[in-house]
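FYI, it's all coordinate maths here, none of it is from the lab. Just so you know, these numbers come straight off a predicted model, no measurement behind them. Reconstructed Cβ throughout: ideal geometry from the backbone, glycine too, with neighbour counts over all protein chains shown.
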Amino acid sequence: MIKNKIVLISLLMIMAVIPKAYAAFESTYWGVRPLAMGGAFTAVANDANAPLYNIAGIANLTEREISLSASRLFTGLDGVEIGTNYFEYTQPLSMTTDMYGVMSFAWASLSSPGLSREDTFNIGYARKVNDVLRLDPEIINLTAGLNLKYLRHEYNFDLSNSPGLYPSSKGGFTADIGVLAQFTNGISVGLSSKYLTTPDIGFENEDKVSRMNVVGLAYYNELLPVVHIPYFTVAMDAVFVNNETNLRFGLESYLVDGKLAVRTGMRQEAFDIGFGYDFMLSEKIKLIVDYALEIPLEVEESYGSHFFGISFKF
């Protein structure tokens with residue numbers, strides 16, 4: 001029991017210095033590629049990480065995709081064990097046309113074994129809306145999506161030899177919406193509004209999940225002029241939650257004929273770097289391996305957070 005109390009105190013210290021890490025379901029420790037870009041992914045959102053950043057992005061996926069990732073957060077802190085897991089499956093409703101849209105199924109988890117756990121279950125749908133709004137595809141590609149979510153968190157309150165004093169888990173339903181506008185000049189704008197219903201997940205008192213609104217801006221060029229950086233993306237997100245604004249910045253480039261990805265980024269609480277590599281297993285199956293390292297700026301004595309992920313496109 002003493003060990004549990006020490007671990008709990010350590011967790012509370014982390015929570016005190018990283019606001020985004022402690023408010024329920026406000027954590028953004030999922031998706032290896034987005035994290036390597038500092039979490040600036042709302043206007044990019046072009047892979048299996050889209051359901052947790054901007055659901056509208058899945059409408060542009062033309063292949064089935066499975067993605068799995070895991071992480072260890074704040075390594076080096078004595079007695080602290082925090083990890084995340086993520087699974088996502090994306091299914092275009094038609095492999096020959098994009099008019100029917102794309103479905104996604106995702107699960108994300110943030111946990112400290114024996115102490116606390118957060119789980120998010122997502123079912124999303126998105127499609128291109130150029131035909132609905134009669135927009136010229138030579139100018140803009142506009143997509144929109146809806147993500148239905150079930151949130152569940154649990155805590156182990158059995159630190160005072162009083163089992164059953166509090167309920168061990170609580171959950172609630174909510175939804176996200178997203179819009180992504182990609183212009184043919186390489187500029188993209190993304191809008192995402194999360195936790196629309198602000199569900200109450202409090203155990204004894206009201207504890208509503210805060211609505212989170214994100215505006216993203218990105219620029220992509222297959223070969224950046226002057227400096228000739230291939231497959232270059234620069235992105236920025238502005239996150240609005242609880243009357244606070246948090247900015248995120250990210251860069252990405254693909255080298256070695258577009259197979260080796262190098263990434264870096266920064267947000268208020270951390271600096272990020274990462275890389276990925278694409279392997280063609282066959283003509284129709286691609287394996288993507290990603291790694292990211294996040295260096296916390298406000299947590300001392302930590303060696304950083306490590307993120308590993310694999311994805312299959314087929």
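If you average the C-alpha positions of segment 165-225 and of segment 30-108 separately, how far apart do those two centres end up, in angstrom?
First find each Cα centre; the distance between them is then 13 Å.
Tally Lys/Arg at +1 and Asp/Glu at -1 over every other residue whose Cβ is under 12 Å from the Cβ of T120; what's the total?
Counting the neighbours of T120, the net charge comes to -1.
What order do you get for V32, V234, V262, V226 when you list them from fewest to most C-beta neighbours inside 10 Å?
Ascending Cβ contact count within 10 Å gives the list V226, V262, V234, V32.
Considering only V239, F275, T264, whose Cα is most displaced toward the positive end of the charge dipole of segment 229-299, charges sitting on Cβ of Lys, Arg (+1) and Asp, Glu (-1)?
Ranked along the dipole, the leading option is F275.
Tell me the net charge near T75. Cut-off is 12 Å between Cβ atoms, T75 excluded, with +1 for each Lys or Arg and -1 for each Asp or Glu.
Net charge in that neighbourhood comes out at -3.
Could you tell me which of N54, F249, G124 has its Cα farthest along the dipole of the chain towards the positive end, charges placed at Cβ (Lys, Arg +1; Asp, Glu -1), taken about the Cα centre?
Result: G124.
May I ask you to sort M103, M37, M266, M236 by Cβ crowding, counting other Cβ atoms within 10 Å and putting the fewest first?
Going from sparsest to densest Cβ surroundings: M103, M236, M266, M37.
Only counting other Cβ atoms within 10 Å, I'd like F312, F173 sorted with the fewest neighbours first.
F173, F312
Which net charge results when you count Lys and Arg as +1 and Asp and Glu as -1 among the other residues whose beta-carbon is under 13 Å from that of F87? Present the calculation step by step, with values, prior to reporting the outcome.
Working: positive: none; negative: E65, E88, D119.
Combined, the nearby Lys, Arg, Asp and Glu give -3.
Count the lysine pairs in segment 2-313 whose Cα atoms lie under 26 Å apart, taking only pairs 8 or more positions apart in sequence or on different chains.
Pairs that pass both the separation and distance tests number 25.
Can you pull out the GluC sites (Glu not before Pro) in segment 189-276 whose DSSP state is coil and whose Cβ has at most 14 other Cβ atoms within 10 Å?
Of the GluC sites (Glu not before Pro), the ones in loops of segment 189-276 whose Cβ has at most 14 other Cβ atoms within 10 Å are E204, E206.
With +1 on the Cβ of every Lys and Arg and -1 on the Cβ of every Asp and Glu, and nothing else charged, how large is the dipole of the chain about its Cα centre, in debye rounded to the nearest 20?
With Lys and Arg at +1 and Asp and Glu at -1, about 380 debye.
Taking 0.36 nm per residue of separation and subtracting the Cα-Cα distance, what length does fully extending L148 through S94 add? Walk me through the intermediate numbers first.
Details: separation 54, 0.36 × 54 = 19.44 nm, distance 2.13 nm.
Using 0.36 nm per residue and subtracting the Cα-Cα distance, I get 17.3 nm.
Please check which bits of segment 168-191 a label hung off L135 would reach, taking the label as a point 7 Å along Cα-to-C-beta and the cut-off as backbone N under 17 Å.
177-191
Label points 7 Å out from Cα along the Cβ direction at R117 and N213: separation in nm?
3.5 nm
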